[in-house]
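Shown next, in structure tokens, is the structure this report addresses.
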Amino acid sequence: AQTVTQSQPEMSVQEAETVTLSCTYDTSESDYYLFWYKQPPSRQMILVIRQEAYKQQNATENRFSVNFQKAAKSFSLKISDSQLGDAAMYFCAYSASGSRLTFGEGTQLTVNP
Amino acid sequence: NAGVTQTPKFQVLKTGQSMTLQCAQDMNHEYMSWYRQDPGMGLRLIHYSVGAGITDQGEVPNGYNVSRSTTEDFPLRLLSAAPSQTSVYFCASSYSMDSYNSPLHFGNGTRLTVT
């Protein structure tokens, strides 16, 4: 079974600084997808960024970017110029092609003014 | 556009009671799913459905039933509530199980407490 591990239960960052959230996964598949979701206090789940495993180029979405290391099975999320609104629980998730999502444990991010 | 609507938002049950969590979507999505979220465990899949009349078990199905009589609705039934079912429950839907090209849309969750 595929597993997703987020080893940092909590992280904090100063406003305007950069923070990196870690995620590792285990799979025997060659074709799969990786995601980062954000869950603010409102509980709404918001897709932040996604990556296809066969694409070597790291995905970016404005201030959010990933460092995808396929051989190491690592998928970290970098948030640049952190804003107060970035404070949330962040979940890493994995999906084999055509299959359902498996989520990590989550990382609670605090942004300090 | 309402998206994915879950009711109720909050619920308190006594051990042994039964109840149904409602989920409806108005996006004509074929794929619907239920997750539970517990501290330190992320979101875990309970049941899912790839279309009307088709359901399947996820990672933690015990104690829960589902049915999919219409494309729009996917209720989750707790048969005999237990304290271990205290959790936040999310319904999610998408056009297909291809989670990359068809991202999941989540409801706002139901916080359930079983005493």
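Brief remarks on what is shown
- Taken over the protein assembly as shown, the ratio of Cα radius of gyration to 2.2 N^0.38 Å equals 1.02.
- Of B:Thr115, B:Ser96, B:Tyr64, farthest towards positive along the dipole that unit charges on Lys, Arg, Asp, Glu beta carbons give the range B:49-115: B:Thr115
- Fewest-first sequence of B:Asp98, A:Asp86 by Cβ atoms within 10 Å of each Cβ: B:Asp98, A:Asp86
- All-pairs alpha carbon distance profile, the range A:10-70, 10 Å steps from 0, percent: 17, 47, 29, 6
- Calculated FRET efficiency for the pair A:Tyr54/A:Leu84, C-beta based, R₀ 45 Å, to 0.05: 0.80
- Here, chain A yields an orientationally averaged convex hull projection of 6.7 nm² when only Cα atoms define the hull.
- In nm, spacing of pseudo-spin labels at A:Ala72 and A:Glu17 (7 Å Cα→C-beta vector): 2.1
- Given R0 = 41 Å, the distance between the Cβ atoms of A:Thr110 and B:Met27 translates into a calculated FRET efficiency of 0.75.
- Listed residues B:Ser18, B:Ser99, B:Ser67, most fluctuating in chain B (Gaussian network, C-alpha, under 10 Å): B:Ser99
- Relative contact order computed over chain A (Cα-Cα under 8 Å; 6+ residues apart), in percent: 38
- Within a Gaussian network of chain A (alpha carbon springs, distance under 10 Å), most fluctuating of A:Tyr94, A:Tyr37, A:Tyr54: A:Tyr54
- Placing a pseudo-label 7 Å from each Cα along the Cα-to-Cβ vector at A:Ser30 and B:Thr7 gives an inter-label distance of 5.0 nm.
- Separation of alpha-carbon centers, the range B:46-94 and the range A:25-40, rounded to whole Å: 22
- The base-10 log of I(q)/I(0) for the range B:58-108, evaluated at q = 0.14 Å⁻¹, reads -0.47 [Debye formula, identical scatterers on Cα atoms, solvent excluded].
- Spin-label proximity, B:Thr86 to the range B:23-61 - amide N less than 14 Å from point 7 Å beyond Cα toward beta carbon: B:38-39
- Dipole magnitude of the protein assembly as shown about its Cα centre (Cβ charges: Lys, Arg +1; Asp, Glu -1), debye to nearest 20: 420
- Note on A:Ser7/B:Asp56: beta-carbon distance plugged into 1/(1 + (r/R0)^6) with R0 of 41 Å gives a FRET efficiency of 0.85.
- For chain B, the average shadow cast by the Cα convex hull is 6.7 nm², which is a quarter of the hull's surface.
Every number here is computed from the coordinates shown, using simple stated rules; none is lab data. Values in this document were obtained by computation on a predicted structure and should not be read as measured data. All Cβ positions, glycine included, derive from the backbone under ideal geometry; neighbour counts span all protein chains shown.
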